[in-house]
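Have a look at the structure below, then the notes.
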Amino acid sequence: MHELPITQTILDIALNHAHGAVITDIRLTIGDLTSFVDDSIQFYWDIISEGTGAVGAKLHFKRIPARAKCEACGREYTIKEEGLLCPHCGSHRVAITAGKEFFVDSIEIQEQTP
Amino acid sequence: MTHIPVVQNILNANDIIAEVNRNKLESAHVFGLNIMASPGAGKTSLIEHTIRGLSGVRVGIINGDTAGYDGDALRAQNAGATAVHINTGGNCHLEAHMIQDALVYLDLPALDLVIIENVGNLVCPAGWKLGTHHNVLVASIPEGADKPYKYPSMYHGVDVLVINKIDLLPYIPFDMDYFKKGVMALNPKVTVFEVSCQTGQGLDAWYDWVRGKIYR
């Protein structure tokens, strides 16, 4: 549900940077600690990009796994695969190092004929 | 094909309005709390107790719900607060622009504290800044000790954790050590209160904390 306003924002950002050119690709970076779902964004995208300079643009989703670094043993690990507590020493003294990202990384536009 | 680097935060538009809300609260010397939790954890009960427990503090409440029911706002009013109800029309969390609209209905110079009761949801509300000074998560014993592990973004994104319904600890298997290890892993700086809105246990420490944050 909350992907609708988010998708609208993605469209606004892309159109703003395209300056009227046709947008062919949009690269998004999404951390696993955010609550945004690729399929939902794609679903709304197909509807709201209709009639804009971004219609038909391909969305590329780059997911960033949630990672943590153990402050007890110093090792890094991926939370989804290895759990929240340090899988090496069991410590709960850890720092989240990745997974909160949520941004439009770049867009591709068609060359404009001079 | 031309490549255009963008690198723009998608939640930026929300964050900008949250900043406007924050400035509005601060210019009126009002302290703001955003209370989040799963449905049934005790958000409304905690708010009712807080309104009554902070005697002399002038409180405004903004209630967010997905449906038209405004019973929570009535409960806050009965407890002595001014309350505004937001019907999100099915949206699963409150966003900064909804708070911007709701703040118009509160006479901020006549208040000391604004408490926002977010939509009952343990997934998305933490991602959306509202402009309050602190995010508060209400957890409750019957939910189970595994919730930090299952909903890491919520537990990661709050400043204060109120563990409610601790009067049920003798009756419900709840591994507090496992729960707190998950909390500490995600959020080592979080301030924790253990309370029961049923018996009143632990609430004084919570009231003292809130009172200490209020401007005057």
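The values are calculated or read from the model by the stated rules, or taken from the named source; none is laboratory data. Please read these numbers as outputs of a predicted model, since none were measured by experiment. A quick note on method: Cβ atoms are made from the backbone with ideal geometry, for glycine too, and the neighbour counts reach across all protein chains shown. Please note that ligands, DNA and RNA were not included when accessible areas were found on the heavy atoms of the full protein model with its side chains. Shrake-Rupley method; radii C 1.70, N 1.55, O 1.52, S 1.80 Å.
General observations
- What separates the Cα centres of the range A:59-114 and the range B:157-177 is a distance of 29 Å.
- Put B:Tyr149, A:Tyr77, B:Tyr207, B:Tyr178 in order of accessible area, highest first, and with a 1.4 Å probe you get B:Tyr178, B:Tyr149, B:Tyr207, A:Tyr77.
- At full extension, B:Asp70 and B:Asp177 could sit 34.8 nm farther apart than now, given 0.36 nm per residue minus the alpha carbon distance.
- DSSP beta bridges confined to chain A are antiparallel in about 65 percent of cases.
- Using a probe of 1.4 angstrom and keeping all protein chains present, the accessible surface of chain B works out to 42 square angstrom per residue.
- Average partner coverage of A:3-9, which counts Cβ from other chains inside 10 Å: 3
- Subset of B:Lys165/B:Lys189; B:Lys129/B:Lys165; A:Lys62/B:Lys43 violating a 30 Å alpha-carbon distance limit: A:Lys62/B:Lys43
- Nonpolar atom fraction for the range B:12-214, defined as the carbon and sulfur part of the 1.4 Å probe accessible area, stands at 51 percent.
- Residues of the range A:25-60 that lose at least 50 Å² of accessible area (1.4 Å probe, protein heavy atoms only) when the other protein chains are present, relative to their chain alone, are A:Leu33.
- Note on B:Arg75: accessible area approximately 80 square angstrom, rounded to 10, probe 1.4 Å, nucleic acids and ligands left out.
- Listed residue pairs exceeding 25 Å between alpha carbons, taken from B:Lys24/B:Lys147; B:Lys24/B:Lys213; A:Lys69/A:Lys100: B:Lys24/B:Lys147
- Between chain B and chain A, the total buried accessible area stands at approximately 2800 Å², from heavy atoms with a 1.4 Å probe.
- Working note: Cα atoms of the protein assembly as shown, range along each principal axis, descending, whole Å: 73, 53, 33.
- Solvent-accessible surface (1.4 Å probe) assigned to A:His19 amounts to roughly 150 Å².
- For the range B:120-141, the residues whose amide N sits under 14 Å from a probe point set 7 Å from the Cα of B:Leu169 along the beta carbon direction are B:140-141.
- Per-residue accessible area (protein heavy atoms, 1.4 Å probe) orders B:Glu48, B:Glu194 as B:Glu194, B:Glu48, starting from the largest.
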